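To keep things clear, I will list the structure first and then write my remarks on it.
Readers should treat all values here as calculations from the given coordinates under stated rules, not as data from a laboratory. Computed from a predicted model, the values in this text were never measured in an experiment. Glycine gets a Cβ as well: all are built from the backbone with ideal geometry, and neighbour counts include every protein chain shown.
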């Protein structure tokens with residue numbers, strides 16, 4: 001069943017995409033394109049601007065994507081992620097409200113802690129992945145994908161109206177990306193650099209935790225998280241504050257600016273999913289290897305959207321699973337590249353792929369039937385009509401360096 005559906009999907013998407021990041025050539029004056037509060041800063045610093053999710057963002061700066069990638073792995077890079085949807089949710093029923101949309105356990109989440117979770121539909125499909133931070137029992141901060149901005153706002157608003165009918169008041173504040181910014185300082189040098197600007201002890205701020213504090217007397221939110229596999233921070237604040245901080249960070253020789261290109265190759269090495277590519281509304285968390293996003297209490301209560309399908313998959317298994325692929329030679333296997341059995345049978349397709357700057361070889365993610373997805377087994381990939389051997393590889397491809405409780 002999966003192989004038939006997958007082959008039909010492949011035929012509909014046969015045009016190969018040579019960039020995993022979907023960018024558009026579009027005038028900065030177009031009414032549909034938006035700018036983050038950092039736009040002028042990017043232009044000033046020679047960013048190569050592209051349209052990504054209807055936001056003008058830098059693909060790269062003067063350095064190549066590979067150089068920016070390696071600099072993040074060895075020092076620190078600053079990324080503009082202000083295109084992402086930042087939402088503040090409050091009210092006496094805020095936790096219940098968010099739990100009704102996601103698979104997270106927010107009632108048992110510690111104050112100041114963050115959790116990665118997903119919006120799911122009634123069939124268990126992923127509508128978006130998001131990070132929720134618990135500021136208090138009745139107040140939460142959410143960051144979700146720019147490419148799903150309109151859909152996510154609709155999800156929030158629809159459920160808010162349903163709660164209003166039940167006389168449960170929910171307050172939603174969506175931050176304007178042209179006035180409110182979000183930057184990510186990522187890499188092994190990030191903590192030392194940021195520590196010089198704050199009074200709080202960052203050694204006490206662990207991975208997936210957040211704090212409201214001041215940086216150079218400016219009100220900010222610092223969250224220890226990121227999308228690179230490295231230790232790092234996301235900093236949210238008023239747009240003018242973010243621009244000042246960016247300039248200050250660049251005084252350090254350890255910090256360089258990085259764009260969408262390096263962010264994508266870094267997240268691929270870390271085995272992190274990109275919405276609309278590796279996960280979508282037709283893929284469940286179980287199929288995507290993200291079963292850990294479904295909290296234990298939520299599974300026990302079976303009280304989240306798509307619970308029947310997801311719990312059934314946990315018990316009975318799935319028809320497809322996300323895998324990692326490594327190629328010892330040959331070109332990168334990009335999105336939509338067919339995955340074949342050693343007998344040449346079509347068994348799946350690549351969803352993200354590229355050359356790993358760290359490993360110096362092509363890596364990819366994709367979906368195949370579970371019986372075809374054993375770690376260490378070999379498959380074939382059809383890259384523009386030529387066949388190459390690939391090895392199914394455990395992810396992440398490159399060891400992550402998150403600052404967890406295990407770190408001293």
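Worth a mention:
- Within the range 207-221: backbone nitrogen closer than 20 Å to the residue 297 label point (7 Å, Cα to C-beta): 208-210
- Counting only DSSP H runs of at least 4 residues, each contributing -39500 (n - 2.57), and dividing by the residue count of the chain, the helix-based mean residue ellipticity at 222 nm comes to -6500 deg cm²/dmol.
- Ordering 127, 268 from the fewest to the most neighbouring beta carbons within 10 Å gives 127, 268.
- Convex hull volume of the C-alpha atoms in the range 86-174, normalised per residue: 83 Å³.
- With neighbours defined as other Cβ atoms within 10 Å of a residue's Cβ, the residues 143, 198 order from fewest to most as 198, 143.
- Label zone at residue 329 (point 7 Å along Cα-to-Cβ), backbone N below 14 Å, the range 373-402: 387-390
- Cα convex hull of the range 219-260, projected area averaged across orientations, nm²: 3.5 nm²
- Over the range 245-306, the ratio between the Cα radius of gyration and 2.2 N^0.38 Å evaluates to 1.71.
- Convex hull (Cα only) mean projected area of the range 235-382, reported in nm² to one decimal: 12.4 nm²
- Using 0.36 nm per residue and subtracting the Cα-Cα separation, the extra length available between residue 110 and residue 217 on full extension is 35.8 nm.
- Least to most buried among 388, 275 (fewest other Cβ within 10 Å first): 388, 275
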